[in-house]
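Heads up: the structure comes next, in structure tokens.
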Amino acid sequence: MSAEARPRPGEERRATARLWAIASVLLAGALVSAAIGRYPGPFLTPPAALFHDELARNLILNLRVPRIIAALLLGATLGGAGAVLQMVFRNPLVDSGFLGVSPGAAFGASLAIVFLGGAPATVQGSAAAFALLGMAASYLIAQRIRFGDWVLRLVLAGIIVSATLSSATGAVKYLADPLRQLPDITFWMLGGLWAITWRDVLHMLPVVLPCLVVLYLMRWRLNVLSLRDETAFSLGVAPGRERLVIVIAAVAATAAVVSKAGQVGWVGLIVPHIARRLVGSDARRALPASMLLGTLFVLACDDVARTLLNGEIPLGLLTSFVGALFFLGLVLRRQAVGRS
Amino acid sequence: MSPSPNISRVVLPALLAALVALAGTVPALASPAKSAPAIRVTDASGRTVELERPPRRIVVAGRGPYMVLDLLYMFPGASRRLVGVEKKGQAASDFVPLVDPTFAEKAVLQSPGPEQIAALHPDLVLARGAVLEATGIALGEIRVPIVYLGLETPEQFYRDVANLGVLLGQPGRAREIASYYRSRVARIRAGWQGVREADRPRVLLVEYAERGGAAAVRVPARPWMQTLEVETAGGRPVWLDSAAPTSGWTVANLEQIARWDPDQIILVVWYTLDPAKVLATLEADPQWRALRAVRTGALHALPSDIYGWDTPDPRWLLGMTWMAKTLHPERFRDLDVAAEVRSFFATLYGMDESAITRDILSKVRLDVR
Amino acid sequence: MSAPALAFRGVSFAYAPGGPDVLSDVSLEVATGSITAVLGANGSGKTTLLRLLLGLLAPTSGTVEVEGRPQHGYSRRDLSQRVGLVPQSEPVAFELSVLEFALLGRAPHLGLLALPGAADHALALEALERVGLTALKHRAVPTLSGGEAQLATIARALVQQSAILLSDEPTSHLDPANTRRVLEVLRRLGREGRTVVFTTHDPNLAAAIADQVVLLRDGCVLAAARTAEVLTTERLSATYGMEVEVVQLRGRPLVVPHS
């Protein structure tokens, strides 16, 4: 019955090497991103402009750099949170957009802006609270659904909760005083980084960085947490509590980025799949790979969003488009390989 | 086989620390502000904006850019200063080319972010609105001044006119424009002075559109120009009685309208529809015939030229003028609306008689009841 | 004589407070280094008993003892370093390799944020060697056959380095060849000094490797003694509520249902 070992020995070393390769590409990508845009003309800004063109200098340092950093944080969070949620819920078909997390964050943020004064701490707190509520609701509803396997139930419950929260956000926008500073519903639904300033980055960092660090540190434990409760318990883990900690970290970071960037979908679904293909399913590598790939993905999409046309393309539009195509390819390839 | 390299314990935290340090120090690298400004205005969002000298490269962006352009072009030499316009909603290319033959050469932007606007090297961005929005904040980060024009009420309009006069270095022209408006508004008000509150007609103004084949009838919000036009022209807006849950257009159904039982109904017909046809359809419709105003022939269509006369566009004066004559015909017997239209475009835009007749009045249907 | 590895002292358990007892007044001892089979029909309380041994459930009355001390006196970490679980089936949603899967057994010995080191990897490789899965160490767990998966789970429990191994229905879903493989591993573990407790509904499985058999029916212990003493015709017929016959084959009992 024992077939020959499929991946050759040294696979681990290769996977780690891939991880570093992705990181290098990322660094290069970030630097290049600072040089592309629509000023002074389409696509490339000559680096010399930094020195003699004041507008270019302001543009790069005050708009592009914070925007790039925000894209990095957004990508790392969505990719990392996606990987975490997939493992914790033992469901490769979820991401924060489908579990009520991102829509909850959008609702909480818009609610805070309109009715609670809109101070940054309030907005982020409200976003995090409703993101957690959204996820809790998805989980509880999934447990009560009577038909289908766990994967299906969670996806269905998540869709219900997400749709409810999205329409609630629309209602807040509709009922809100149009003279107030509430971004369009399209911003919340499709996301965008065109309004990011240094202040926004500084608001996000204190929440996102510690949470990402927590996720990174717990990456091996995540493997254990993806086992059944009984088994995890027998391995000395407190499955409920530890899963809660890691999920809260993932959700809090997601809420922080969604409150600034709107909902950007499909990243958390696709990136972990690709990461697992490249470096294996072990979360010790898959989680950092998801963060790095997520960063790369969002950065690339955001560069296109602000550079390709003479206007801004909503970021979520691009990630959905590319994400859906990738997903199609993934699903079709699975069938061709004939895996059960 | 090998565990994660220990180097990641050092390199990754170092990268993170570098990131945080970068976030803290880079803002300081951006250039500091320059010396004392010569021009200062307080715009519709309450902000104070300062310029060193009158702008030479203006970009119009944001919602309803054609309204801002219609105001801007009342100032001579505006065309020379304008370099780019955002294309959004009803196109400015319908009216402004009549006044400015070089308009086609201006840059057209579509949902621009700050970079696309910056590519035009503007020294002033004009936008309609009362709140500093995201794009405005971003433009602030790269030191491009943005001035908001409210336009929504006559009071705001006068402030906007004054601001533009200061910005463009043409305060005299601004005063001319303001006094043109004020005098006519005063004349309208004086015309129905003395009419008792109870005798003033109860007016319903609705936007009539067809969406997906079904008719949609909506009433405007309380603070909007449509409401103010009706009030200034001596009418009583009936839709203010019921509290509108939204501060935008609110759908009204026929039951509601019947309950209001207005004396006069003014339709703002969606610009793709033919007002004469719409009126004919409604007058033949039994549900509408049940309304007293329709039976007594008090159903009107608000005229328009290229743009509507009911919006925050500077044409609101014309809407108000027509309404005054329609609501109080006996008091405004001497008021010649067509002449007012000629005077408007000649004085404010410098158009000549034949151009007005050909391009403006040809589109105005004053007589569609 | 040292304390028994595991002991139940008058343990009763009900899932719902005030509800029917799933186990009533169970007392038994499991000697260190022995192989014990918990034998009973489906629904007799075997799985509950195993969960109580694991510490997943707390008894409604009575005490569970591990290595002579009450179970509740151990921290979860200490307990998991002593008692390991080999569950019946382990659906793994993601494609961990067999080696990575076995490595998970180190969890009780690593802190919350610690990563497995070279020593842990060596242990995992050794465990795979012991169960004969070295050739498959890079294969993805979901692609394994039933028998291989069960061996991988046993390997994980070995990596846990627990002196006591609990196994839930180790071979119920396996074909005869794989059943034998698993049984050989379990037998070897018993000989090496580990305490093995497994539940089963198949008396022949108990007959094959167990030193001691605990007979369970409707939550009560009918017998807890050496295999030969327990596996008699009368006892088994009473347990299963049907006629069986016990014959001797090559020195070990063989249970045959009466047709």
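The values are calculated or read from the model by the stated rules, or taken from the named source; none is laboratory data. Treat the numbers as computed from the prediction; the structure is a model and nothing was measured. When we count neighbours, we look across all protein chains shown, and the Cβ atoms used for this are built from the backbone with ideal geometry, even at glycine.
Descriptive notes on the structure:
- From the options B:ALA198, B:ALA216, residue that is out of contact with any His (no Cβ under 6 Å at 6 or more places or on another chain) and surrounded by 14 or more Cβ atoms within 10 Å (Cβ to Cβ): B:ALA216
- Subset of the stretch C:187-235 [assigned to a strand (DSSP E or B) and under 19 Å from C:SER12 (Cβ atoms)]: C:THR199, C:VAL214, C:LEU215, C:LEU216, C:ARG217, C:CYS220, C:VAL221, C:LEU222, C:ALA223, C:ALA224
- Residues (assigned to a helix (DSSP H, G or I), among the hydrophobic types (A, V, I, L, M, F, W, C) and surrounded by fewer than 24 Cβ atoms within 10 Å (Cβ to Cβ)) located in the stretch B:72-94: B:LEU72, B:ALA78
- Within the stretch A:274-287, the presence of at least one residue that is at positive phi, more than 9 Å from the chain's Cα centre (by Cα) and not in a helix (DSSP H, G or I) is confirmed.
- For the stretch C:152-181, a tally of residues being surrounded by 23 or more Cβ atoms within 10 Å (Cβ to Cβ) and assigned to a helix (DSSP H, G or I) returns 8.
- Whichever residue in the stretch A:207-239 is at the interface with chain C (Cβ under 7 Å from one of its Cβ atoms) and among the small types (Gly, Ala, Ser) and, among such residues, is surrounded by the most Cβ atoms within 10 Å (Cβ to Cβ): A:SER234
- Any hit, the stretch A:28-46, residues being more than 10 Å from chain B (Cβ to nearest Cβ) and under 17 Å from the mean Cα position of the chain (by Cα): no
- Residue within the stretch A:276-293 that is away from every other protein chain (no Cβ under 11 Å) and without any contact (Cβ under 8 Å) to a residue 60 or more places away in the chain present: no
- Within the stretch A:249-282, being small (Gly, Ala, Ser), farther than 20 Å from A:PHE187 by Cα and at pLDDT below 90 holds for A:GLY280, A:SER281.
- Residue match in the stretch C:130-143 (condition: surrounded by fewer than 20 Cβ atoms within 10 Å (Cβ to Cβ) and either in contact with a Cys (Cβ under 8 Å, 6 or more places away or on another chain) or touching a residue at least 60 places away in the same chain (Cβ under 8 Å) (or both)): no
- Filter pass, A:ALA255 being buried (at least 18 other Cβ atoms within 10 Å of the Cβ), away from chain C (no Cβ under 14 Å), under 17 Å from the mean Cα position of the chain (by Cα) and part of a helix (DSSP H, G or I): yes
- Within the stretch C:217-235, the set of residues being over 21 Å from the mean Cα position of the chain (by Cα) and closer than 20 Å to C:GLY45 by Cβ comprises C:ARG235 only.
- Verdict on A:ALA81 being more than 14 Å from chain C (Cβ to nearest Cβ) and either more than 22 Å from A:GLY240 (Cα to Cα) or in contact with a strand residue (DSSP E or B) (Cβ under 8 Å, 6 or more places away or on another chain) (or both): no
- For the stretch B:122-157, the set of residues classified as among the charged types (D, E, K, R), in a helix (DSSP H, G or I) and within 9 Å of chain A (Cβ to nearest Cβ) consists of B:GLU141 only.
- Matching option when the condition is part of a helix (DSSP H, G or I), of a type outside the set (Asp, Glu) and modelled with pLDDT under 90, among B:PRO97, B:PRO112: B:PRO97
- Looking across the stretch B:101-121, just one residue is at the interface with chain A (Cβ under 8 Å from one of its Cβ atoms), of a type in the set (A, V, I, L, M) and free of Cβ contacts under 8 Å to residues at least 24 places away in the same chain, and that is B:ALA119.
- If you go through the stretch C:28-43 and keep only what is under 13 Å from C:ALA206 (Cα atoms) and assigned to a strand (DSSP E or B), you end up with C:ILE35, C:THR36, C:ALA37, C:VAL38, C:LEU39, C:GLY40.
- Check on B:ILE177, crowded, with 22+ Cβ neighbours inside 10 Å and within 14 Å of chain A (Cβ to nearest Cβ): no
- Some residue of the stretch A:92-100 being among the β-branched types (Val, Ile, Thr) and under 15 Å from the mean Cα position of the chain (by Cα): yes
- Of all residues making up the stretch B:271-300, the number that are β-branched (Val, Ile, Thr) and assigned to a helix (DSSP H, G or I): 3
- Filter pass, B:LEU327 being more than 21 Å from the chain's Cα centre (by Cα) and buried (at least 20 other Cβ atoms within 10 Å of the Cβ): yes
- Residue ranges of helices (runs of 4 or more DSSP H) in the stretch A:28-118 with at least 3 members buried (at least 18 other Cβ atoms within 10 Å of the Cβ) and either in contact (Cβ under 8 Å) with a residue 12 or more places away in the chain or hydroxyl-bearing (Ser, Thr, Tyr) (or both): A:65-88, A:101-115
- All positions within the stretch C:193-229 that are crowded, with 17+ Cβ neighbours inside 10 Å and of a type in the set (Lys, Arg): C:ARG194, C:ARG217
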